[in-house]
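Notes follow the structure.
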Amino acid sequence: MTDDVAAARAAAEEKSVFSHAPVDPDATAAYGDHPDQVIDFYAPRTQGGPGGPAPVVAVLHGGAWRAPYDRRHVSPFAGFLARRGFAVANVEYRRGDDDASLAGRWPDTFDDVAAALDALPALVGELLPQADPRRTVLTGHSAGGHLALWGAARHVLPAGSPWRGGGSAILRGVVALAPIADFAIADKLDVCGGAVRQLMGGDEHFAERQPHTDPALLLPTGIATTLVQGRADREVPQIVAESYADAAAKAGEMVGVTLLEDVGHFALIDPTADACAVVAEEIAQLAW
């Protein structure tokens with residue numbers, strides 16, 4: 001495939017995923033005082049799986065941790081999962097500041113994800129009585145895939161980390177979609193225009209902060225983990241996911257990697273794409 005054809009396909013995927021109107025949640029709850037410290041909740045629209053209370057899927061959106069990309073662009077994906085019988089929690093978190101080119105806020109982005117995941121079981125119990133928070137699957141796309149892997153690994157963070165906690169008590173697994181899963185490789189490839197180093201607060205902080213934030217260094221987790229990756233992804237190439245899986249194997253943990261032919265970066269969260277149905281099946285395998 002020529003570069004022109006690949007670029008055109010990638011552009012078509014991106015246009016499609018951002019063409020969908022946002023899907024309004026059934027409820028929204030705050031987990032902090034900042035306007036971005038909120039979670040949108042979607043009740044399951046159908047009975048999925050073998051019956052009983054619905055599993056919870058916590059969604060962490062992508063967008064290179066940059067301010068212009070908020071949870072609204074992934075709300076059609078959240079609605080899609082709700083129609084598949086899942087209870088869905090679409091998590092917002094603080095991203096880059098008003099400068100749209102900056103990725104993340106240190107330490108606010110990590111503070112928020114940790115706080116949201118800690119608050120999630122009680123909020124689910126209050127707002128989604130038909131759901132079982134003890135059967136929660138974390139999923140996230142791109143930068144959100146990184147945050148999902150990181151959130152599931154908080155129990156193996158270095159001693160003294162302010163985010164250490166969590167664990168596998170309520171997590172049935174993680175399904176990370178085209179995740180920025182290995183900071184060393186992503187940084188080398190300049191994924192998302194240097195977003196990894198920006199998230200770390202710049203070059204001077206990268207080395208000291210990486211052990212607290214890089215999923216490839218937080219292994220093994222003991223939590224079932226699957227990565228879903230398009231082979232044609234030009235934003236976060238498949239080598240990033242493969243490098244994480246290799247690191248997991250070296251740590252004695254098997255991580256599933258589902259590679260999709262002729263799929264780029266955005267189809268994974270596009271309800272009209274076949275790849276999105278594959279994602280839902282991967283989540284279902286861990287949830288029920």
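The values are calculated or read from the model by the stated rules, or taken from the named source; none is laboratory data. None of these values were measured; they are calculated from a predicted model. Because the Cβ atoms are built from the backbone with ideal geometry, glycine has one as well, and the counts that use them run over all protein chains shown. Side chains included, ligands, DNA and RNA excluded: accessible areas come from the protein's heavy atoms. Shrake-Rupley method; radii C 1.70, N 1.55, O 1.52, S 1.80 Å.
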Discussion item. Could you tell me how many of the residues in region 223-233 are surrounded by 21 or more Cβ atoms within 10 Å (Cβ to Cβ) and basic (Lys, Arg)?
Written reply: 0
Fill in: For Ala119: the one exception among (1) under 18 Å from the mean Cα position of the chain (by Cα); (2) buried (at least 19 other Cβ atoms within 10 Å of the Cβ); (3) not β-branched (Val, Ile, Thr)
(2)
Discussion item. Considering only residues that are of a type in the set (A, V, I, L, M, F, W, C), part of a loop (DSSP other than H, G, I, E, B) and closer than 23 Å to Val113 by Cα, which ones fall in region 14-41?
Written reply: Val23
Response to the item:
Note on region 170-198: residues open to solvent by 20 Å² or more (accessible area, probe 1.4 Å) and under 30 Å from Val56 (Cα atoms) are Ile170, Leu171, Arg172, Cys192
Discussion item. If Pro44 satisfies all but one of (1) part of a loop (DSSP other than H, G, I, E, B); (2) out of contact with any Phe, Trp or Tyr (no Cβ under 7 Å at 6 or more places or on another chain); (3) crowded, with 22+ Cβ neighbours inside 10 Å, what's the number of the condition it fails?
Written reply: (2)
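Considering region 65-78 alone, what residues qualify as being in a loop (DSSP other than H, G, I, E, B) and open to solvent by 10 Å² or more (accessible area, probe 1.4 Å)? Explain how you work it out, then say what you get.
Taking region 65-78 and keeping what is in a loop (DSSP other than H, G, I, E, B), we get 65, 67-70.
Answer for region 65-78, where residues must be in a loop (DSSP other than H, G, I, E, B) and open to solvent by 10 Å² or more (accessible area, probe 1.4 Å): Ala67, Pro68, Tyr69, Asp70.
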Discussion item. If Pro44 meets every condition in (1) in contact with a helix residue (DSSP H, G or I) (Cβ under 7 Å, 6 or more places away or on another chain); (2) free of Cβ contacts under 8 Å to residues at least 60 places away in the same chain apart from one, which number is that one?
Written reply: (2)
Discussion item. With the requirement that a residue be open to solvent by 60 Å² or more (accessible area, probe 1.4 Å) and either under 13 Å from His265 (Cα atoms) or of a type outside the set (Ser, Thr, Tyr) (or both), what does region 13-33 give you?
Written reply: Glu14, Lys15, Phe18, Ala21, Pro22, Asp24, Asp26, Ala30, Asp33
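When you check Ala58 against the structure, is it closer than 26 Å to Pro121 by Cβ, surrounded by fewer than 20 Cβ atoms within 10 Å (Cβ to Cβ), modelled with pLDDT of 95 or more and of a type outside the set (Val, Ile, Thr), yes or no?
no
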Worksheet item: Taking region 226-274 only, how many residues are small (Gly, Ala, Ser) and in a loop (DSSP other than H, G, I, E, B)?
Response: 5
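Take region 245-274 and flag every residue that is β-branched (Val, Ile, Thr) and surrounded by fewer than 16 Cβ atoms within 10 Å (Cβ to Cβ).
Within region 245-274, the subset β-branched (Val, Ile, Thr) is 255, 257-258, 263, 269, 272.
The one that is β-branched (Val, Ile, Thr) and surrounded by fewer than 16 Cβ atoms within 10 Å (Cβ to Cβ): Thr272.
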Discussion item. List pairs: first residue in region 148-170 and at positive phi and in a loop (DSSP other than H, G, I, E, B), second residue modelled with pLDDT of 95 or more and among the basic types (Lys, Arg) anywhere in the structure, Cβ distance under 7 angstrom, at least six positions apart or on different chains.
Written reply: Gly165/Arg154; Gly166/Arg154
Worksheet item: If you check every pair at least six apart or on different chains, which have Cβ atoms under 8 Å apart with a residue in region 209-222 that is under 9 Å from Leu157 (Cα atoms) and open to solvent by less than 40 Å² (accessible area, probe 1.4 Å) first and a residue that is in a loop (DSSP other than H, G, I, E, B) and not β-branched (Val, Ile, Thr) second?
Response: Thr213/Met200; Leu218/Ala153; Leu218/Leu157
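Any idea how many residues of region 122-147 are assigned to a helix (DSSP H, G or I) and touching a residue at least 60 places away in the same chain (Cβ under 8 Å)?
Applying the first criterion (assigned to a helix (DSSP H, G or I)) to region 122-147 yields 122-127, 143-147.
In the following step, the residues that additionally are touching a residue at least 60 places away in the same chain (Cβ under 8 Å) were identified as 123-124, 126-127, 143-147.
So the count comes out to 9.
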Fill in: Positions within region 199-208 being under 18 Å from Asp111 (Cα atoms) and open to solvent by 60 Å² or more (accessible area, probe 1.4 Å), in sequence order
Glu208
Discussion item. Restricting to region 122-155, name every residue that is over 14 Å from the mean Cα position of the chain (by Cα) and buried (at least 18 other Cβ atoms within 10 Å of the Cβ).
Written reply: Leu123, Val124, Leu127, Leu128, Ala131, Asp132, Pro133, Arg135, Arg154
